[in-house]
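Input: a single structure, listed below in structure tokens.
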Amino acid sequence: MNLDNSDNIIEVKNLYKIYTIGENKVRALNGVDFCIKRGEFVAVVGQSGSGKSTLLNMLAGLEKPTKGQVIIAGEHIENKNEAGLVMFRQKHVGFIFQSYNLLQNMDAVENVAMPLVFRGEDKEIREMKARRMLKQVGLAKYLDHRPGQMSGGQQQRVGIARALVVNPEIIFADEPTGNLDSNTSLEVMHLMQNISRKKNQTIVMVTHDDYLAGFADKIIRILDGKVIDIKINERKDPVETPKEETPKEEPKEETEEITAEKTDNAETAEQESTQA
Ligand SMILES: Nc1ncnc2c1ncn2[C@@H]1O[C@H](COP(=O)(O)OP(=O)(O)O)[C@@H](O)[C@H]1O
Ligand SMILES: [Mg+2]
């Protein structure tokens with residue numbers, strides 16, 4: 001038996017978050033413990049008000065816990081100051097938002113390239129990486145489209161590409177399909193599955209939807225700020241995502257999509273792009 005827990009990228013120990021409003025105390029997190037392994041796709045599921053967003057904010061260091069520990073990639077998040085947290089997030093984390101949070105007067109490439117600005121990369125390199133990422137999420141034909149010229153599902157793919165472009169170890173997503181219809185939500189779930197499988201990136205997704213949680217490798221169920229169940233899902237083969245984004249008559253893309261079923265090593269895309 002392997003007692004070494006070094007493959008845990010996230011460890012949460014005895015975590016509490018208590019909000020005080022006037023004389024009332026809300027125990028948003030009421031003693032939470034769990035571990036997440038590198039490359040796992042984890043769903044945190046629970047009804048509205050159960051503490052999911054609070055938990056995600058603690059993991060990302062966006063809020064300070066009242067008590068307890070959050071250890072990510074060996075570092076204690078709860079002890080870091082604001083500057084340390086900013087550095088930690090830039091180094092390790094990508095975010096996917098329910099409302100996409102795209103800049104409306106920028107096209108898809110500019111939106112996806114944005115996180116690289118803060119890393120001091122040259123414009124040419126930024127946009128090359130952004131184009132590569134957009135192709136991988138099936139948006140090769142939408143590179144110069146602005147958010148207003150895309151469907152909700154396409155906008156969320158741009159949001160996912162933006163989270164992935166810095167090649168983060170961990171991706172946090174809070175209700176990423178909350179604004180999408182059920183078919184589009186399925187496509188986004190397949191995309192998330194394929195990201196964790198092909199790129200070995202860790203995904204922590206918050207959802208109130210049991211069906212969507214079923215796409216994850218591990219389901220952490222919370223109620224009233226407590227973990228009430230942790231379930232491991234057998235990995236099923238991801239279903240092919242329909243590729244209606246690429247018209248038939250167009251030449252084949254050089255970059256392998258993450259949405260494609262056949263696994264390809266990520267280096268192929270890497271090599272092609274650097275040669276381009
Ligand atoms: N900033 C805050 N101040 C006071 N109470 C809060 C705050 N954020 C969340 N809460 C409360 O904490 C509980 C958990 O909220 P939240 O984590 O947003 O739940 P979920 O994301 O599962 O819907 C709720 O009772 C909510 O009202
Ligand atoms: Mg929430």
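Does Ile220 meet the test of being surrounded by fewer than 18 Cβ atoms within 10 Å (Cβ to Cβ) and either in contact with a His (Cβ under 8 Å, 6 or more places away or on another chain) or under 26 Å from Glu40 (Cβ atoms) (or both)? If you could, list the steps in order and put the result at the bottom.
Values: surrounded by fewer than 18 Cβ atoms within 10 Å (Cβ to Cβ): no; either in contact with a His (Cβ under 8 Å, 6 or more places away or on another chain) or under 26 Å from Glu40 (Cβ atoms) (or both): yes.
So Ile220 fails the test.
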Legend entry - Spans of strands (runs of 3 or more DSSP E) in segment 7-112 with at least 1 residues among the basic types (Lys, Arg) and away from ligand 1 (no atom under 16 Å from the Cβ): 8-21, 24-37
Inset, instruction - Residue by residue through segment 42-64, note down the ones that are more than 9 Å from ligand 2 (Cβ to nearest atom), closer than 19 Å to Met87 by Cα and either within 15 Å of the chain's Cα centre (by Cα) or buried (at least 18 other Cβ atoms within 10 Å of the Cβ) (or both). - result: Asn57, Met58, Leu59, Ala60, Gly61
Legend entry - Whichever residue in segment 148-180 is assigned to a loop (DSSP other than H, G, I, E, B), more than 16 Å from ligand 2 (Cβ to nearest atom) and not hydrophobic (A, V, I, L, M, F, W, C) and, among such residues, is farthest from Arg197 (Cα to Cα): Ser151
Legend entry - Within segment 82-137, tally of residues that are in contact with a helix residue (DSSP H, G or I) (Cβ under 6 Å, 6 or more places away or on another chain) and among the small types (Gly, Ala, Ser): 4
Legend entry - Lone qualifier among Leu186, Leu180, Leu143, Leu139 - being crowded, with 23+ Cβ neighbours inside 10 Å and more than 14 Å from the chain's Cα centre (by Cα): Leu139
Inset, instruction - Give just the number: which of (1) farther than 25 Å from Ile219 by Cβ; (2) loosely packed, with under 14 Cβ neighbours inside 10 Å does Leu85 not satisfy? - result: (2)
Inset, instruction - Quickly run through segment 66-104 and pick out the residues that are under 21 Å from Thr202 (Cα atoms) and of a type in the set (S, T, N, Q). - result: Gln69, Gln90, Gln98
Inset, instruction - Would you point out the residue of segment 193-230, among those that are within 16 Å of ligand 2 (Cβ to nearest atom) and within 15 Å of the chain's Cα centre (by Cα), that is farthest from Leu55 (Cα to Cα)? - result: Leu212
Inset, instruction - With the condition kept exactly as written, say whether any residue in segment 79-99 is over 18 Å from the mean Cα position of the chain (by Cα) and of a type in the set (Gly, Ala, Ser). - result: yes
Legend entry - Residue pairs meeting the criteria (Cβ under 6 Å; at least 6 apart or on separate chains; first of a type in the set (A, V, I, L, M), in segment 41-60; second within 9 Å of ligand 2 (Cβ to nearest atom) and not in a strand (DSSP E or B)): Val44/Lys52
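Readers should treat all values here as calculations from the given coordinates under stated rules, not as data from a laboratory. Model, not experiment: these values are computed from the prediction. Counting neighbours? That spans all protein chains shown, and the Cβs are built from the backbone with ideal geometry, glycine included.
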